[in-house]
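A short worksheet on the structure shown next.
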Amino acid sequence: MTQNLADTSRPAADATAHEAGAGASRGWWRDAVIYQVYPRSFADSNGDGMGDLPGIRSRLPYLRDLGVDAVWLSPFYASPQADAGYDVADYRAVDPMFGTLLDADALIRDAHALGLRIIVDLVPNHSSDQHEWFQRALREGPASPLRDRYHFRPGKGENGELPPNDWESIFGGPAWTRSENPDGTPGDWYLHLFAPEQPDFNWENPAVADEFRSILRFWLDMGVDGFRIDVAHGLVKAPGLPDIGGGDQLKLLGNDVMPFFDQDGVHEIYRSWRKILDEYPGQRIGVAEAWTPTVQRTANYVRPDELHQAFNFQYLGTSWEAAELRGVIDLSLDSMRPVDAPTTWVLSNHDVTRHATRFANEPGLGTQIRTPGDRGLGLRRARAATLLMLALPGSAYLYQGEELGLPDVTDLPDEVRQDPSFFRQAGQDGYRDGCRVPIPWSGTEAPYGFGPTAGGPSWLPQPAEWAELSVEAQTGDPTSTLELYRSALAVRREQADLGAGTEVEWLDSPAGTLAFRRGSFVCTVNTTAEPVRIPAPGRLLLSSADAVVDGGETVLAPDSTDWWAV
Ligand code: GLC
Ligand code: CA
C-alpha cells in the first residue's frame, strides 16, 4: 500500500494556507471539499439515539483532521420530522431533539476556530404542515389571506372531490391533499410536491420572498458561510398549474420540462439572494440542489449573478466505466465554463444508495438499490471513484461515512423504516434509510460510539459488521478507507494543481482506463476487472489499491485509481 506516502499532519485552522492555492483568489469554494453531515446520524451527545448539534460539535476536530474545507449540515430546524427535517416548522429555531440556537452558535464558532466553514440547508420550496402560516391558513378557512402563501385550489368534479390537476408527488400518489374547512366540511386542496406534510409555498406571493430573504439574513448574521438550497428548481410553478397529461410522471423527471420544475422564474429569486450573500464579508455561498433536464439548464443556476455551485447529479448517476466517466467529466466541465462556475462532483448523499453499494451491483439499477451486491468489488470501486473525483478540477462533496467505506444497509426491517416515500405507493425513493444509518465511531458494541453508552439506542439499527468499520478500527491502518481519504485530502491540499482550474488534459491510455494530467499531477484509473500495464507516468503519490511500479512500468490494479507526481 502506498496510500500513506503523504504527510497527513497539518496545522489547525490553516484554511488560509489552503486559500493561498491557485483557485483561492477567486473564491474558497471553487475547489473546496465539502463534507455533508446528516445530523440525525452523525453523533448523539445525550444518548437518546438521535444525533444532535453538541454531538457534531464534539466531532469537529475529526473533520478538521480528515482535511475537509467545509461542512454542510442537513436540516436541524424545528420540525415534526415527517421527512427527516426537510419539513420545517420554524426556520429560525433548532429542533429540541438537535439542541438549541446556542448550540448552533457554538458549533459555528468552533468550526471557524478550526478553519472549517459551515453551510446550512435551506428548504424554500415547502414548509411543514405545522408551520404557523399553514396552520393559520387552515384554521382561518378559505378567506384567510395566508392561503395565498401556499397553493390552495378548489377541487374538480361535482363536489370538488377530484384534485385540481394531475400532478403526482415525488414521493408517490397525487401531489394534492384535500383540506378540511374549519366547520369540518371538505375544503380546498393544497399542493405538495413531496409528502402531504410538506405544503409547497406560493413564490408569487411577496410575503414568501420577503420571509426567505429575512431567513437568509438570520443565518448569515449567525455566521454561516453558505446555504445548500433544497429543491432549488421547484420554487416557481408554471402559471395556471397546467396538467401534465399522463401518469407515471416520475419517469419524466430529469428528462422533460415539467410545469413544477426548472421554470425560468426561479432565477430571479437566486439573483435577489446573491445580492444578500454578497453584502456579507467572507464569500458566503449558495449551492443549488437542482434537477434539470440538461447540464446546460443546471449551469443557469450558477451564472455570475446567481448561486455559486450546483450539484452534479449527472456525475453521481454515472456507472464505473471509463468511457462513460470521461464523457460526463468533459460534459460537466464544458457546461460550467461559459458561466465561469466551478464544476462540482458528488458520489453519495442522504437521498441515494451509497456509492460503495451502487458500484457493488450491476449498472443501471438507479439510486435506490436494495441488494448488497459484491461488497469487495463495490468497496474497491468506491475507493477508486473517490480518488478520481478528488483529482478533478472543482469542488467535491463527501457524505458522512463514505470515508469509512460504509455500504448501504440494504436489509433494514420494514418496521424501522422512516423514509416517508416508503409509506406512499410508487414513491421513487422509499429506501433512503439505508444510507442514513448512524455511523460507527468506536467500540465493539452498537451504537459504536455514535451515542455515549455501549448498548444504547440509535434511531436506525446498525449492522454488526460495522464494528470493524469504525473510525477507531480504521485509524492508523494504512490499508483502511479512512486513511486513504485522509491521505488523499492531505495531498489535495499540498498539490495546488488538484481541484484548481477547469481543465483536464486527457492522455492516451488503453481501453477501460483513463489517464489525465493536471499541471504537475497525473491521475490514472482502471475501471476494468483486469490489471493493465502502462508506462509509469511519474512518482506514485497515492493508490486506491496495490499499484506496482516496476522499472519504468506500472501495473494498474483492477478497479483502481492512482495519483502521480510528474
Ligand atoms: C431534497 C432532499 C430530500 C427531501 C426532499 C424534499 O431532495 O435532499 O431529502 O426529501 O428534498 O424536501
Ligand atoms: Ca441526541
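Points to keep in mind about this one:
- Scanning segment 454-479 for residues that are of a type in the set (Gly, Ala, Ser), open to solvent by 10 Å² or more (accessible area, probe 1.4 Å) and either assigned to a loop (DSSP other than H, G, I, E, B) or in contact with an Asp or Glu (Cβ under 7 Å, 6 or more places away or on another chain) (or both) gives Ala454, Gly455, Gly456, Ser458, Gly476.
- Checking each residue in segment 504-540 for being open to solvent by 40 Å² or more (accessible area, probe 1.4 Å) and in a strand (DSSP E or B) picks out Glu505, Trp506, Arg517, Arg533, Pro535, Arg539.
- Selection status of Ala175, modelled with pLDDT of 95 or more and either within 22 Å of Leu235 (Cβ to Cβ) or within 16 Å of ligand 2 (Cβ to nearest atom) (or both): yes
- Out of Glu180, Glu168, Glu197, sole residue that is of a type in the set (Asp, Glu) and closer than 22 Å to Leu122 by Cα: Glu197
- If you filter segment 432-445 down to residues that are more than 15 Å from Leu404 (Cβ to Cβ) and over 26 Å from the mean Cα position of the chain (by Cα), you find that the one that is farthest from ligand 1 (Cβ to nearest atom) is Thr444.
- Looking at segment 154-268, the strands (runs of 3 or more DSSP E) lying wholly inside it that each contain 1 or more residues that are open to solvent by 10 Å² or more (accessible area, probe 1.4 Å) and either on the phi > 0 side of the Ramachandran plot or not aromatic (Phe, Trp, Tyr) (or both) sit at 176-180, 186-191.
- Cβ-Cβ under 6 Å pairs, at least 6 apart or on other chains, segment 257-284 side in contact (Cβ under 8 Å) with a residue 12 or more places away in the chain, far side of a type in the set (Val, Ile, Thr): Asp262/Thr292; Gln263/Val236; Gly265/Val236; Val266/Val236
This table checks each residue for (1) touching a Phe, Trp or Tyr at 6+ places or on another chain (Cβ under 9 Å); (2) at pLDDT 95 or above; (3) more than 16 Å from ligand 2 (Cβ to nearest atom); (4) farther than 30 Å from Gly27 by Cβ.
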position	(1), (2), (3), (4)
Leu398	yes, yes, yes, no
Gly427	yes, no, yes, yes
Val437	yes, yes, no, yes
Pro447	yes, yes, no, yes
Ser470	yes, yes, yes, yes
Asp477	no, yes, yes, yes
Ala488	yes, yes, yes, no
Ala496	no, no, yes, no
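- Looking across Leu379, Leu365, one residue alone is surrounded by fewer than 24 Cβ atoms within 10 Å (Cβ to Cβ) and within 20 Å of Ala488 (Cα to Cα). It is Leu379.
- Within segment 61-90, tally of residues that are open to solvent by 10 Å² or more (accessible area, probe 1.4 Å) and either in a helix (DSSP H, G or I) or away from ligand 1 (no atom under 13 Å from the Cβ) (or both): 9
- Given (1) modelled with pLDDT under 95; (2) open to solvent by 50 Å² or more (accessible area, probe 1.4 Å); (3) part of a loop (DSSP other than H, G, I, E, B), number of the condition Pro304 does not satisfy: (1)
- Filter pass, Gly401 being of a type outside the set (D, E, K, R) and either in contact with a strand residue (DSSP E or B) (Cβ under 8 Å, 6 or more places away or on another chain) or within 30 Å of Ala299 (Cα to Cα) (or both): yes
- Condition met for Pro11 (open to solvent by less than 10 Å² (accessible area, probe 1.4 Å) and either at pLDDT 95 or above or more than 16 Å from ligand 1 (Cβ to nearest atom) (or both)): no
- Among the candidates Leu116, Leu66, Leu53, residue that is within 15 Å of ligand 2 (Cβ to nearest atom) and touching a helix residue (DSSP H, G or I) at 6+ places or on another chain (Cβ under 8 Å): Leu53
- Close pairs (7 angstrom Cβ cut-off, 6 or more residues apart or separate chains): among the hydroxyl-bearing types (Ser, Thr, Tyr) in segment 28-54, near ligand 2 (Cβ under 7 Å from one of its atoms) anywhere: Ser41/Gly51; Ser45/Asp52; Ser45/Gly55
Per-residue answers, yes or no, for (1) in contact (Cβ under 8 Å) with a residue 12 or more places away in the chain; (2) closer than 30 Å to Leu116 by Cα; (3) within 26 Å of the chain's Cα centre (by Cα):
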residue: Val491; (1), (2), (3): yes, yes, yes
residue: Thr527; (1), (2), (3): yes, no, yes
residue: Pro531; (1), (2), (3): yes, no, no
residue: Asp546; (1), (2), (3): yes, no, no
residue: Val549; (1), (2), (3): yes, no, no
residue: Thr561; (1), (2), (3): yes, yes, yes
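- Residue within segment 109-126 that is open to solvent by 10 Å² or more (accessible area, probe 1.4 Å), of a type in the set (A, V, I, L, M, F, W, C) and under 30 Å from Ala32 (Cα atoms) present: yes
- Some residue of segment 288-296 being within 28 Å of Gly172 (Cβ to Cβ), open to solvent by less than 30 Å² (accessible area, probe 1.4 Å), assigned to a helix (DSSP H, G or I) and at pLDDT below 95: yes
- Criterion (open to solvent by less than 20 Å² (accessible area, probe 1.4 Å) and of a type in the set (Gly, Ala, Ser)) met by exactly one of Gly27, Gly47: Gly27
- Here Phe134, Phe98, Phe76 are screened, and the one residue that is within 16 Å of ligand 2 (Cβ to nearest atom), of a type in the set (Phe, Trp, Tyr) and in contact with a strand residue (DSSP E or B) (Cβ under 7 Å, 6 or more places away or on another chain) is Phe76.
- Any hit, segment 73-96, residues being more than 21 Å from Ile215 (Cα to Cα), at pLDDT 95 or above and not charged (D, E, K, R): yes
- Of all residues in segment 270-283, those being open to solvent by 20 Å² or more (accessible area, probe 1.4 Å) and not small (Gly, Ala, Ser) number 8.
- Any chance Trp320 is within 19 Å of the chain's Cα centre (by Cα) and part of a loop (DSSP other than H, G, I, E, B): no
- Of residues in segment 28-45 being within 16 Å of ligand 2 (Cβ to nearest atom) and in contact with a Gly (Cβ under 8 Å, 6 or more places away or on another chain), the one farthest from Pro457 (Cα to Cα): Tyr38
The values are calculated or read from the model by the stated rules, or taken from the named source; none is laboratory data. Because the structure is a prediction, the values reported are computed rather than measured. All Cβ positions, glycine included, derive from the backbone under ideal geometry; neighbour counts span all protein chains shown. The protein model used for the area step is the full one, side chains on, heavy atoms only, and it has no ligands, DNA or RNA in it. Shrake-Rupley method; radii C 1.70, N 1.55, O 1.52, S 1.80 Å.
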